[in-house]
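Single-structure report; data block below.
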Amino acid sequence: MIRVRFIAPDGQIEDATGSPGDLLLHLAQAYGQPLEGTCEGQMACSTCHVIVAAEDFARLPPASEEEEDMLDLAAGATRTSRLACQIELVPALDGLTVRVPGEARDMRGR
Ligand code: FES
């Protein structure tokens, strides 16, 4: 089991447990976090944007160039932002904390 702590837009903490191979996006959705994930992992929407806790960021594999490009368009993106659809849970990520930003709507009308 891999434990992930979500911090919802309203500050509420939700402790989730996932399995290796789960996508962070799907785990978040299973625990009621408001991540749309409109493009289902095609890296075309950025509605799965999450902000990883600074102390956990280095544990994630680096983002691909496509992911970086999409994050540039995400509202409120920070240096530790990632796309939840690109993060696969592995045991090394146990104890990860991520914050779900408030407004994550896809503004480009795709
Ligand atoms: Fe669209 Fe992640 S679900 S970029």
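The values are calculated or read from the model by the stated rules, or taken from the named source; none is laboratory data. From a predicted model like this one, the values you see are computed outputs, not experimental measurements. We place every Cβ from the backbone using ideal geometry, glycine too, and count neighbours over all the protein chains shown. Side chains are part of the model used for accessible areas, which takes the heavy atoms of the whole protein and leaves out ligands, DNA and RNA. Shrake-Rupley method; radii C 1.70, N 1.55, O 1.52, S 1.80 Å.
Computed over the Cα atoms of the stretch 1-94, the ratio of the radius of gyration to the Kirkwood radius (Rg/Rh) comes to 0.92.
Roughly how many percent of the accessible protein surface of the stretch 21-75 is carbon and sulfur, given a 1.4 Å probe and a whole-percent answer? Looking at the stretch 21-75 in its full context, I get 52 percent from C and S.
A viscosity of 1.002 mPa s and a temperature of 20 °C, combined with the Kirkwood radius over Cα pairs in Stokes-Einstein, give a translational diffusion coefficient for the stretch 1-56 of 179 µm²/s. A Cβ-based charge dipole, computed about the Cα centre of the chain with Lys and Arg at +1 and Asp and Glu at -1, lands at about 180 debye. Each stretch of four or more DSSP H residues adds -39500 (n - 2.57); spread over every residue of the chain, this sum gives -4000 deg cm²/dmol at 222 nm.
Taking all protein chains as they are arranged and a probe of 1.4 Å, the heavy atoms of MET43 leave approximately 40 Å² accessible to solvent. Each Cα pair under 8 Å and six or more residues apart adds its sequence gap; the mean of these over the residue count of the chain is a relative contact order of 40 percent.
Simple rule: put +1 on each Lys or Arg Cβ and -1 on each Asp or Glu Cβ in the stretch 1-79, find the dipole, and look at THR78, ILE7, ALA63; the Cα lying farthest toward the positive end is ILE7. Sorted largest first by accessible area at a 1.4 angstrom probe radius, with every protein chain in place, the residues HIS49, HIS26 fall in the order HIS26, HIS49. The residues ASP22, ASP69, sorted by heavy-atom accessible surface at 1.4 Å with ligands and nucleic acids left out, run ASP69, ASP22 from largest to smallest.
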